[in-house]
Every structure is written in structure tokens, then in C-alpha cells.
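In what follows, a single structure is set out as C-alpha cells and then discussed.
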Amino acid sequence: MESGEINIIPVIDINGSANMEEVDMPNTLPVLALRDAVLFPGTILPITVGREKSLKLVKALHKSSNIIGTVTQKDPAVEEPAREDLFHIGTSARIIRILEMPDGALTVILQGIKRFTLDQIIADDPYLIGTITYREDIFNETQNNVVEPLMSSIKDAALYVIKMTPHMPQETATALKSIADPKFLINMVATNLDNDLTPDKLDILSADDIITRGYKLLAALNKHVEILKIKDDIQQKVKMEIDQQQREYYLNNQLKTIQEELGMDGNSKDVADLRQRAKTKDWPDWVAKNFEKEMARLERSNPNSPEYGVQLNYVEFILDLPWNYTTQDNLDMKHAQKILDKDHFGLETVKERIIEYLAVLKLKGNMKSPILCLYGPPGVGKTSLGKSVAKALGRKYGRISLGGLHDESEIRGHRKTYIGAMAGRIIQTISKVGSSNPVIVLDEIDKVSADYKGDPASALLEALDPEQNTTFHDNYLDMDYDLSKVLFITTANNISTIHPALRDRMEMIPVSGYLAEEKYHIAKDYLIPKQREAHGLTAQQFKINKGGIETIIDKYTRESGVRTLDKQIAKIARNMAKRIALEEEIPSSLGAKDVSKILGLPTNSHDMQKGNEAAGVVTGLAWTEMGGEILFVETSLSEGKGVLTTTGNLGDVMKESAMIAYQYIKAHPALLGLKAEDIQNKDVHIHVPEGAIPKDGPSAGITMVSSMASAFMGKAVKHAIAMTGEMTLRGKVLPVGGIKEKILAAKRAGINTIVLSAENEKDIKDIKEVYIEGLEFHYVKTMEDVIKFIF
């Protein structure tokens, strides 16, 4: 089962007359496994046999049917090869002679007959027996024109190899020149290829088409010729300085000792350091196995090549990841509640959900982290809440901004074969924080966009699904990573733009805007101390009394959150810092007048709602990404033919609401105490002010009907009243969303009565008493109820 080390030139019938392939060949053969040797049909090859099974096979077959199958081993070191240790291609052979050597080994002379595919091994005692499928040679007559040039090229290359190989008899060149049959020429030359080219020889043997086999042989010969040329050059320049490129090419393929002279041992320090780090890692066994595989690849790389740097970065990245390392959770719920309350005012729903998670973790000891989505207007503390949650749990904190992200590779990473490849943002964040159970905030998830580079929202589906993220696959890492311990908190302003499948995977928690009273507490307890510290001021140098804070909120901010409030306080702090630096006198406490003097003229007016005292003007309530807003719907009438005109940058849905409102008025003139001709002879113009701002949505339906009714009746609606609700063509009032934000907007504008659908009553009951204090709600089911109430 072993090939001899001595290179014996096989003999072949150069005229191709010995057509042994025509012999009746069995489909089950004893199998002789060869080490670093490949037998080709028609060639004669001596094989040294030393293993017990091999000896049994040769002796048994030499006495009886002496047809055997020869197959090359994948690893020559394997002593007892099985099917998986053998290549799939082989050659049937006839044992011509057996020669006994002085050391007890046998030399067997084999003659190749026909190529076959080894299907399976059906017995291994006393020797291997396998079932085979013979492979026929194919010769395409249409390729006759390339046969002569191909044979000539093969002969030229083979003659050069014979010339440059000292131990090869020169008579071989004479025999080679006289071969006329292409198949026999290819088989003979291929058999003579160096044993280092065994994979190439097997590739040649596996080709059914003779011309294809010839091309593969020519490629292998050319490779061999190049190596021989380099060897010759090196031998001629022993006492001279060898060219660096030749030196690298030759030494990388031949001698380890000379590789060290080239500086090939420069990576030994890197490898030793990396292996030392790997010993301290707590990671799964399969990761350790992959790491060893990558380390072996690194050791084989030339430190001067670009691939070495890429491979080194990859291996270091594997080591940088925390894998099984997690931080210890602080399960003291009172401590967590204290931290959350200290950093954020309100937001009870979110805080309660975190405390619930902690409670389950404390009882069960382990659970999949929830995926929370905090949505609401800007500036209400959604992003900063993530840091507080991390602090409360005692976990590491990471933040990923998804705003404007449109490349899927930002989430999943690039394949490491690309230049400049890096891991996705999620795996990078975990590597940076150094823990597998951090709190990661995915900011602005509603602003992810898709383009030709892929859809990041689709890539997030796997990361944000608790059932899938135990095996999150990053393209750069190219190994599965467990994200189930990560507590993901996502933030959004407008959930309608979030991918529906992504929204379904998250636990949606609304974070509404703040009342003026809440803003006062936030400014007093959080924002003023924060700006005091940021500007290097003491409590004595910078203090704003209650009147001053309320003035800022009332006259200089108009938002659901507190971001603008923070900016105005920062502006006052800068003014105080400047006065102290100039050694000017400063008040001990800033009041309303001091604040107005620093901030200038008020930017926010609450008398907007007073404009609805005229007939045809009604106040509506709208929801935007910035929170709730009030808007006016104005209607004017003129003599005409009943034409409806809409202005104010209205969207299609809002225009349809205007059309429904007008048709309802035309269909029910008696409701207004009018006749049909009174309506038909008037042109109606509906305008919603602030025309530069796009407006859309169905919630202004009842507002438009009320505005038209007011204009046709010539009566103004009640003072300080606003409304919101969609309307059907039959006059039914439907519920709308964003109720809490709209109520806050109404309170800011000084409105005290709100008309809305009876089906929205459940939304009002979910809102805390403090939000609706001082407001009166009137629930309606039909447009008739609205008309009766507002006049």
C-alpha cells in the first residue's frame, strides 16, 4: 500500500497497441491504497509494499485473478485508510511481477488498465475491497486541429523537464519523441510528474476528455518547468545575492530554514501572543476550533504580504469579542428604581417594564432579553433612558445610530476577503463594550432606508428576534454569535415608517410629551443642575426661581420634549458666565423679568386659539413627529356655482376629508337651518394656515364640517374649543390616534374643551389625571352631535 521513494521511469507501449481496456473488467476490485503515487492507464509503475494488508492483497491476487484497483491516499501518514481517506478517482491495474527485497518488503510491478470512480468500500478484511464505476475516455473529433499543437507543447515541456532532471535517463527523451498516440503521451508524461504534484496528477486523471486532460497536463508541466528554472537560477547564484522576488518564490515553496532567513519567522511573536491570549478566553469549543484553523492559516502566511495583515486583524477581532463573558446583573430592584427615577422624570411605563424584567431575572436566573421600542416626539428622553437602564442593571452600554443608514453591510458586516472589510455595527459594539450582555440602544430605527446596497431593516429582523438572535451571523466574523443576552432598546419618532415585520418583533412602548408642570420639575431637578455643571457655575451663581422657569416654558418653548427648554437654560447659563467673567453684578435668583431680558422677545404665543372668534374658523388638533399641534381650518364663502377649493399644502387624504365634509353639508342643509339653494349658490374655499408645512391625515374631518357649518350659518363656534375625529360620508365620527399628544397641544394653547369620538373615551381613561386636569371632553358619535354642541 506504499509507493517507493525511488523515481522509476514507467514503461509504456509507445504505439498504443496493448489495448488492455478491452479486457472484461469486474465492477468489484481489491483496492490497493497508494502513498504519493498515481497510476495512469497503460503505464508500468513499481510500488514498494510494506503494510500487512497490502502484502496479503498482493500475494492473494498474484496467485489468482491479478486485477486490482489502485487509489491514492489523501494523507500519506494514515496507516489504515478507510473510504474517507481515499480520493474518488483511481486506475485498475494488473500485477505483472513481484520482487522480494532484502528488508522483507515487496516491490510490485503494476500496469495500469482503465480509469474508474471508487463508489464505496464493502470490506476491509483481510484487505480493502470496493465497488467501482469505470470511466470512458472521450475524444471530440471537432478538436483535431488542436491535437498536434498540444502534443508538441507537452513534448517540449517534458523534454525540458528530462533535460533539467539529473536522475532521469536521457533515453526517455528518445522514447518520448516517438510517441504518436495523444492518450499514451499524456499518460506517460503525467506519470513522470514529480510526486509534489500529486493533486495535479489526480486532477489530470479525473478528466474524461482527452484534450482537457492534455491542457491540465500542460499547465502542471509549466508549473514544474518554472520551479526547475528557479532551482537552476538559485544553484548558479549560490555565492551571489539572490533577487528578492526569486528568493521569496523559491524558498516559500521549498525550505523552511531558508524561509526564516527571509524573515518568515517575523510572525512567531504575533502567533505566540495570540495563542497566549486565547488560553484566557471563555468561548465555545467550536469557536476555539475555528480559531486554531485561522491561526494555522496565519502561520502559513508571509508577514510581508497584504493577506497577512488581513488575517492578523481577523484573528485579533475574534479574540477581542467577549463570547461567553457577561457582567453580573444588579438585581436590587429598589436600587434600579432609584437610578431610573434619578435620571428621568416620568416615563413610568418604561421604568415599570425594566423593573418587571429584573423581577423575572431574579426569580428565574436567566431569560431572553426583551426588545423594547420607545416611540414618541423628540426630546422626551428616549435615547438617554438606555444609559440609565444600563446603569440600573449594572451592565455595559452601547449606542448605534441608525439614522440615514442604507447599507445592509453596516448591520451584517462585509465578507473578510474584501479590502477594508469590517464587522457590522452590532458585533463591533459588543467588541467595544467587552461584554455579551450589554444594553444597546438602536437610535432612530424609523429612519433606516433601503437602496441598491440592501435593506438594513431586513438585516435587523434576525438581530431583533429573540427566537433567532441566539445564532446571529455576521459576514465578517463568519461565525454565529449569541445576541439573546443583549437588552436592545430601540427609539423612534414615527412608527408608521418602521418595517411591519420589524415592528412586530418589538415591544412598543409610547413615550409621550410632558405637561408644563412636568417640564418645570425636569428643568428644576435635571436641566439647571446639568447646565450649571457644564458652564462651571455654582448654585449661588446660577439659580432660576419658579417664575423664571415657568416663563421659559410658557413663552420660549413650544414642544412636547425638553430639548428646546435645555437650550434656553444653556443660553441663560452662558449669559451668567459672561457676566461673572466680566465681574458684573448678578442677581441671586433669576425671575421672569431677568429671563425675558436675556432671551429677548417671546417666541411662543398662547393666544393663537383666540382667532376662532370669527364665523368659519374652527380649531383642530393634529399629531406630528414633534408631538401634538393645534391648527385652524378657515372657510370663506362667495357667490358662485358650488365649487370647492382647498389650500394650505394639504395631502390627498385631507383633500378627500374636505370633499366628504362639503358633500355632507350639501346633503344635510336642514341640519344648519338652511335650504339646498343657499348652499348650491356659494363657492366654498377651505384654507389651513401655515401653507409651507405639508399636512395630511383624516383626523380633521369633523373640524372641516364644523368650519363649513359655521361659515354657512354665519355663527362662530364656542370659545376655547378644539376637536379631532375622522368622519364618514354618512356623518359617523370615527376615532383617531395620538390623543395624548393632541391633549398636551390643546393645554399649551389654552383650550379647555375638546370634542372627539366616543370610541376615543378609552384613550382618555388611560391618561393620568394630571394630564387632563382642567379639560372638558365631549364625546360624539355623529356629526349631528358635533353641530348641536359647538354652536
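The values are calculated or read from the model by the stated rules, or taken from the named source; none is laboratory data. Given the structure is predicted, the values throughout are model-derived calculations rather than measurements. Here Cβ is always computed from backbone atoms with ideal geometry, including for glycine, and neighbour counts include all displayed protein chains. Note: areas computed on protein heavy atoms with side chains; ligands, DNA, RNA excluded. Shrake-Rupley method; radii C 1.70, N 1.55, O 1.52, S 1.80 Å.
Brief remarks on what is shown
- The calculated FRET efficiency for the pair Ile693 and Ser384, based on their C-beta separation and a Förster distance of 41 Å, comes to about 0.90.
- Where chymotrypsin sites (Phe, Trp or Tyr not before Pro) fall in DSSP loop in the stretch 267-328, at most 13 other Cβ within 10 Å: Tyr325
- Relative contact order of the chain, pairs being alpha-carbon contacts under 8 Å that are 6 or more residues apart, as %: 7
- Leading residue at positive end of dipole, the stretch 339-416 (Cβ point charges), from Phe345, Ile400, Gly376: Ile400
- Whole-percent carbon and sulfur share, accessible surface of the chain, 1.4 Å: 51
- Taken about its Cα centre, the chain carries a charge dipole of roughly 2800 debye when the Cβ of each Lys and Arg holds +1 and the Cβ of each Asp and Glu holds -1.
- In sequence order, the stretch 555-568 has phi-based couplings of 10, 10, 9, 8, 7, 7, x, 10, 5, 5, 4, 4, 5, 5 Hz under the Karplus curve 6.51 cos²θ - 1.76 cosθ + 1.60, θ = phi - 60°, and Gly or Pro positions carry x.
- Cα long-axis angle, helix 268-279 against the chain (0 to 90 degrees, to the nearest 10): 60
- Whole-Hz Karplus values for the stretch 533-542 come out as 5, 5, 9, x, 9, 9, 5, 6, 7, 9 Hz, taken residue by residue from phi with 6.51 cos²θ - 1.76 cosθ + 1.60 and θ = phi - 60°; glycine and proline positions read x.
- Rg(Cα)/(2.2 N^0.38 Å) for the stretch 520-586, N = residue count: 1.07
- With all protein chains in place and ligands, DNA and RNA left out, the 1.4 Å accessible area ranks Ile129, Ile96 as Ile96, Ile129, largest first.
- With the simple spin-label model, which puts each label point 7 Å out from Cα in the Cβ direction, the Ser152 to Ala421 separation comes to 4.5 nm.
- Centroid-to-centroid separation of the stretch 577-595 and the stretch 339-405 [C-alpha atoms, Å]: 38
- For the stretch 147-233, dividing the convex hull volume of the Cα atoms by the residue count gives 82 Å³ per residue.
- Pairs from the table (Lys391/Lys768; Lys519/Lys747; Lys281/Lys432; Lys519/Lys546; Lys555/Lys768; Lys530/Lys768) lying more than 19 angstrom apart at Cα are Lys391/Lys768; Lys555/Lys768; Lys530/Lys768.
- Unit charges at the beta carbon, dipole of the chain: most positive-side option, Ala746, Val389, Ala716: Ala716
- Normalised convex hull volume, the chain, alpha-carbon set, Å³ per residue: 301
- Helix 348-364 axis, angle to the chain major axis (alpha carbon atoms, nearest 10°): 40
- Tilt relative to the chain, helix 144-164 - C-alpha long axis, 0 to 90 degrees, to 10: 70
- Label zone at Asp196 (point 7 Å along Cα-to-Cβ), backbone N below 16 Å, the stretch 208-231: 220-231
- Given charges at beta-carbon only (K, R positive; D, E negative), |dipole| of the stretch 363-436 in Debye: 360
- Accessible surface of Asp329, taken over heavy atoms with a 1.4 Å probe and every protein chain present, rounds to 30 Å².
- Within the chain, helix-based [θ] at 222 nm, where runs of 4 or more DSSP H residues each add -39,500 (n - 2.57), nearest 500: -12500 deg cm²/dmol
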